[in-house]
Amino acid sequence: MPGTHKSLTIFFTAIMLFSIGCSSNELPEPREYVEAPPAKVSVGSKPAEVPPGVVRYCWEEPIVAFEQNGPGVDQEGNWYHPSYIAVRQVRSGKWRPCEAEIEREVR
């Protein structure tokens, strides 16, 4: 009769869960919406002190050239004029030490 015991356990568990779900307890009142106070950010008039030996790096944007693609002949011998502009990268972007930090460096 081990199967009967398991069936009864499942049956009573289902009845118990159903009775809990159908209880007459009222739902709690919804809470009022409260806005959080804005974050306080203070901006000083002078920059923070930089510890010795620290180097700040700045991003140097890449240099690109926009070139109009001229008309030409494709592989099939058809004359065409492309409707786009080519973007050629002259120099890639890079991280470099900031100029303000280079001036303060001890050589």
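Points to keep in mind about this one:
- Against the conditions (1) surrounded by fewer than 10 Cβ atoms within 10 Å (Cβ to Cβ); (2) at pLDDT 80 or above; (3) touching a Cys at 6+ places or on another chain (Cβ under 9 Å), residue 75 satisfies every one except (3).
- Those residues of region 60-74 which are closer than 25 Å to residue 99 by Cβ and charged (D, E, K, R), in sequence order: 60, 61
- Lone unmet requirement of (1) at pLDDT below 80; (2) in contact with a strand residue (DSSP E or B) (Cβ under 6 Å, 6 or more places away or on another chain); (3) among the β-branched types (Val, Ile, Thr) for residue 90: (1)
- Of all residues in region 39-65 being modelled with pLDDT of 90 or more and in a loop (DSSP other than H, G, I, E, B), the one that is farthest from the chain's Cα centre (by Cα): 62
The values are calculated or read from the model by the stated rules, or taken from the named source; none is laboratory data. Keep in mind it's a predicted model, so treat the numbers as computed, not measured. Positions of Cβ are backbone-derived with ideal geometry, glycine not excepted, and every protein chain shown enters the neighbour counts.
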